[in-house]
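K.L.:
Before I ask anything, let me first share the structure, which is written out below as structure tokens.
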Amino acid sequence: MSLQDLLTVVPAGSDEADLVRSLDFGRLPRHVAVIMDGNGRWAQLRHKRRVEGHRAGIDAVRDTVETSARIGLEVLTLYAFSIENWKRPQSEVSTLMGLLKRYLRAELGTLLENDIRFQVLGRVHELPPDVQQELGRAQERTKGNGGLRFNIALNYGGRAEITDAVRSLFQELLQDGRDPSGIDEQALAAHLYTAGQPDPDLLIRTSGELRISNFLLWQIAYAEIWVTDVLWPDFRRRHLLQAIGDYQKRERRYGGITTTV
Ligand code: IPE
Ligand code: IPE
Ligand code: MG
């Protein structure tokens, strides 16, 4: 996937085509993470129920996954449901779970065709059994794929993830009779849900909120943050391209001096 691949789906001569051409495909972010926010507000603006916003958000998910694969990103992580989201009305939660199940069923073929590897980040065992089954199937069927790694953060909390990682690391040390004084950042990172994946370079949040909401707390240490007022159901390819274009203009320093992306 590449510039040419993207240009096949972008209307010739459009602003989007200009955006694509302005990108430096040699300096793409390896990992893009997205806080998909604003579904409720999108619905409210249209005098619809909140769940209609979630339903409409599926199109944005499809578009973002497809574009990420075409661009040639290594990893895309979408934040779909936080541990704190269980506080919402039960009817909203069950609609969200149902939508997820349907999405996975409908999209599995596309994921396979496009060599996309699907993975869930979060406390999967606490999800309803039918959802777990669907997630397990999609993970199993796509595990050999070598293209885009597509993570969905589900029943995910950044603090919960770090807590789980510490617990699992300690269990390993105890089993092996090793001394905890040897623990370093790499050892802890190897027990996170994202073990083996690069940290996000670019973190996108839709609908204007300037907060992290417990997302990938460990991994975003040096991510570049891009916030848009666009509500998630309206988020499309051009917004992702814009975010990547802006990212490429940033100067990443990692605490040092003058390093560009
Ligand atoms: C994001 O949209 C989707 C989830 C958190 C599941 P919201 O449902 O949070 O929408 P707003 O923020 O209320 O507009
Ligand atoms: C963050 O959005 C979680 C997801 C996008 C899944 P929220 O809408 O739950 O976050 P807050 O409550 O505005 O911080
Ligand atoms: Mg929200």
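The values are calculated or read from the model by the stated rules, or taken from the named source; none is laboratory data. This is a predicted model, so every value here is computed, not measured. FYI the Cβ positions are ideal-geometry reconstructions off the backbone, even for glycines, and counts take in every protein chain you see. Accessible surface is based on the protein model in full, side chains and every heavy atom, while ligands, DNA and RNA are left aside. Shrake-Rupley method; radii C 1.70, N 1.55, O 1.52, S 1.80 Å.
K.L.:
In the stretch 1-16, which residue that is open to solvent by 80 Å² or more (accessible area, probe 1.4 Å) and among the aliphatic types (A, V, I, L, M) is modelled with the highest pLDDT?
P.N.:
12
K.L.:
Name every residue in the stretch 232-248 that is open to solvent by 40 Å² or more (accessible area, probe 1.4 Å) and either over 29 Å from residue 8 (Cα atoms) or in contact with a Leu (Cβ under 7 Å, 6 or more places away or on another chain) (or both), in order of residue number.
P.N.:
Correct list: 238, 242.
K.L.:
In this structure, does residue 19 turn out to be crowded, with 17+ Cβ neighbours inside 10 Å and away from ligand 2 (no atom under 16 Å from the Cβ)?
P.N.:
Answer is yes for this residue.
K.L.:
Which residue out of 74, 84 is charged (D, E, K, R), open to solvent by 40 Å² or more (accessible area, probe 1.4 Å) and more than 30 Å from residue 16 (Cα to Cα)?
P.N.:
Every option except 84 fails the conditions.
K.L.:
Taking residue 78, is it more than 15 Å from ligand 2 (Cβ to nearest atom) and aliphatic (A, V, I, L, M)?
P.N.:
The answer is no for residue 78.
K.L.:
Is it the case, given these coordinates, that residue 38 is at positive phi, in contact with a Pro (Cβ under 9 Å, 6 or more places away or on another chain) and within 16 Å of ligand 3 (Cβ to nearest atom)?
P.N.:
Taking the combined requirement at face value, the residue satisfies it.
K.L.:
A follow-up question, please. Which of the numbered conditions does residue 173 fail, given that it passes all the others? Conditions: (1) part of a helix (DSSP H, G or I); (2) more than 16 Å from ligand 3 (Cβ to nearest atom); (3) under 30 Å from residue 129 (Cα atoms); (4) open to solvent by less than 20 Å² (accessible area, probe 1.4 Å).
P.N.:
(3)
K.L.:
State which residue pairs qualify: first residue away from ligand 3 (no atom under 16 Å from the Cβ) and of a type in the set (A, V, I, L, M, F, W, C) and inside the stretch 187-215, second residue open to solvent by less than 30 Å² (accessible area, probe 1.4 Å) and assigned to a loop (DSSP other than H, G, I, E, B) in any location, beta carbons under 6 Å apart, and separation of 6 or more residues or different chains.
P.N.:
202/29
K.L.:
Would you confirm, using the coordinates I've provided, whether residue 188 is open to solvent by less than 30 Å² (accessible area, probe 1.4 Å), in a helix (DSSP H, G or I) and touching a helix residue (DSSP H, G or I) at 6+ places or on another chain (Cβ under 7 Å)?
P.N.:
Yes; evaluated as a whole, the condition is true for this residue.
K.L.:
Among (1) touching a Pro at 6+ places or on another chain (Cβ under 7 Å); (2) within 16 Å of ligand 2 (Cβ to nearest atom), where does residue 58 come up short?
P.N.:
Checking residue 58 against (1) touching a Pro at 6+ places or on another chain (Cβ under 7 Å); (2) within 16 Å of ligand 2 (Cβ to nearest atom), the one that fails is (1).
K.L.:
Same structure again: Looking at the stretch 216-231, can you tell me whether even one residue there is away from ligand 1 (no atom under 16 Å from the Cβ), open to solvent by 70 Å² or more (accessible area, probe 1.4 Å), among the β-branched types (Val, Ile, Thr) and not in a loop (DSSP other than H, G, I, E, B)?
P.N.:
yes
K.L.:
When the residues of the stretch 112-127 are narrowed to those that are touching a residue at least 12 places away in the same chain (Cβ under 8 Å) and more than 24 Å from residue 94 (Cβ to Cβ), which ends up least open to solvent (accessible area, probe 1.4 Å)?
P.N.:
Applying the filter and picking the extreme gives 116.
K.L.:
Acidic (Asp, Glu) and within 16 Å of ligand 3 (Cβ to nearest atom): which single residue out of 92, 134 fits that description?
P.N.:
Result of the check over 92, 134: 92.
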